[in-house]
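Values in this text are rule-based calculations from the coordinates and carry no lab data. Note that this is a predicted model, so its numbers are computed, not measured. Backbone-built Cβ (ideal geometry, glycine too); neighbour counts: all protein chains shown.
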Amino acid sequence: MERKGDILAGLLFSTKVIQNVLIAYDIYHMKICCPEVAEKAAPGQFLHIRCSDGPTPLLRRPISIAGANEKDGTVEMVYRVLGEGTRLISQKKAGEILDVMGPLGRGFPVPLDAVDPVLIGGGVGVAPLLYLAQKIAGPLSRSGRSGAAFIGFSTAGEVFGVDFLKSCGFTVFLTTDDGTAGQKGVPTEAFENCIKGHEVQKQFDIVYACGPKPFLAKVKDAAVRGKIPAYLSLEERMACGVGACLGCAVKSAGEGYKKVCRDGPVFEAGEIQL
């Protein structure tokens with residue numbers, strides 16, 4: 001497998017916003033023109049976004065890359081409005097300039113050979129999996145093999161990405177907390193229910209997941225029981241984005257800590273404690 005992403009390759013770019021639209025409740029899809037990032041970006045990496053032209057908010061906001069097109073030089077992001085910083089980003093209009101730093105971090109390893117992958121994401125944790133699905137779509141189509149995507153949201157109004165994942169060759173298992181779309185429940189439970197009674201290592205070759213730590217802990221446990229390699233993308237607050245401030249440290253499986261922004265945000269399941 002190929003794992004792209006030089007953790008210190010990020011550069012500053014003034015990019016042009018192509019679109020920035022509401023696609024679900026408090027969730028936006030932004031597309032920018034930045035050929036330099038589109039050429040280097042790997043699934044699982046992120047951009048550090050300057051929120052405004054003024055002095056506040058001081059800190060940038062990390063947003064996962066949800067897609068990139070080297071041919072037209074565009075990069076896509078899907079993000080949720082959570083506070084003042086992302087509220088200001090959501091107000092950016094087409095044609096305006098957006099200051100970005102990136103791509104940053106270590107991304108997902110992309111299989112070069114045909115595999116049967118499974119994607120597991122919750123909420124905006126689905127966003128980086130969209131770019132990964134885009135990259136895997138070609139090998140899946142050529143091999144005639146299939147992937148599965150277990151994605152979950154709080155309610156029907158927050159759902160996004162289903163049609164795109166299907167177009168990439170993935171069977172989608174959708175869950176919502178309140179049962180207003182798909183199956184009532186959470187994607188980790190749907191994944192476990194799907195593999196119960198099966199020889200998992202023959203059904204899925206590799207697991208990719210993104211979400212909060214408790215969510216990823218459940219994914220890790222299921223993958224360990226099934227003896228499936230798993231790669232987990234952590235959601236953490238990041239101040240500097242390059243490993244200098246130590247604000248996003250996570251306990252290593254061995255001694256010490258790892259920096260999510262620099263050593264991750266994607267880790268092999270055995271690398272970290274959750």
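See the values below:
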read-out: Selected from PRO214, PRO139, PRO109 as most flexible by GNM, with the chain as the system and alpha-carbon contacts under 10 Å; value: PRO214
read-out: Equivalent-ellipsoid semi-axes of the stretch 155-274, from the Cα gyration tensor, Å, largest first; value: 27, 19, 13
read-out: Largest to smallest principal axis extent of the C-alpha atoms in the stretch 147-216, angstrom; value: 35, 28, 22
read-out: Neighbourhood charge, 13 Å Cβ-Cβ cut-off, centred on GLY67 and excluding it, Lys, Arg +1 and Asp, Glu -1; value: 0
read-out: FRET efficiency, 1/(1 + (r/R0)^6) with R0 51 Å, evaluated for ALA253 and ARG142 via beta carbons; value: 0.90
read-out: Surrounding net charge for SER14, when Lys and Arg each add one and Asp and Glu each subtract one, Cβ distance under 10 Å; value: +1
read-out: C-alpha center-to-center spacing [the stretch 152-173, the stretch 177-243] in angstrom; value: 15 Å
read-out: Unpartnered cysteines - no second Cys beta carbon under 4.7 Å - across the chain; value: CYS33, CYS34, CYS51, CYS168, CYS194, CYS210, CYS248, CYS261
read-out: Estimated FRET transfer efficiency (SER14, LYS184; beta-carbon r; R0 41 Å; 0.05); value: 0.35
read-out: Length gained when the stretch ALA239-LEU112 is fully extended (0.36 nm per residue, less Cα-Cα span); value: 42.3 nm
read-out: Computed FRET value (nearest 0.05) for GLU268 with LEU58, which takes r as the C-beta separation and R₀ as 30 Å; value: 0.35
read-out: Equivalent-ellipsoid semi-axes of the chain, from the Cα gyration tensor, Å, largest first; value: 28, 21, 19
